């Protein structure tokens, strides 16, 4: 194939894909996303289950929320987090499956 016959990705697509992979490159964010793929959680539940500090969890949730990978809802004084991108969760699960079957 010559260059004219190749398909190319737009700059926006390349940037978005890179951003997703950067988000998934952090072990803490992977652990949080995987937990949230199983259940909705409060920050305190995430800290308890993952054995992390509240500030570390809050920082990572902020990053994930800014990337629109998680969202939150308020129930009274409680904030509950859940996944907001099924495509990224599918990608995460594929990566986990690949890693476990090497």
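Since every read-out is calculated from the coordinates, none of them should be taken as a lab result. From a predicted model like this one, the values you see are computed outputs, not experimental measurements. Note that we place each Cβ from the backbone using ideal geometry, even for glycine, and neighbour counts take in every protein chain shown.
Under 8 Å for C-alpha pairs, at least 6 residues apart: give me the relative contact order for the chain, rounded to a whole percent. Computed over the chain, the figure is 25 percent. Exposure proxy ranking for 41, 82, based on other Cβ atoms within 10 angstrom of each Cβ and starting from the fewest, stands as 82, 41. Adding -39500 (n - 2.57) for every DSSP H run of four residues or longer, then dividing by how many residues the chain holds, sets the calculated 222 nm ellipticity at -19000 deg cm²/dmol. Distance distribution P(r), the chain, all Cα-Cα pairs, bin width 5 angstrom from 0: 2, 11, 21, 21, 16, 11, 7, 4, 3, 2, 2, 0, 0 percent.
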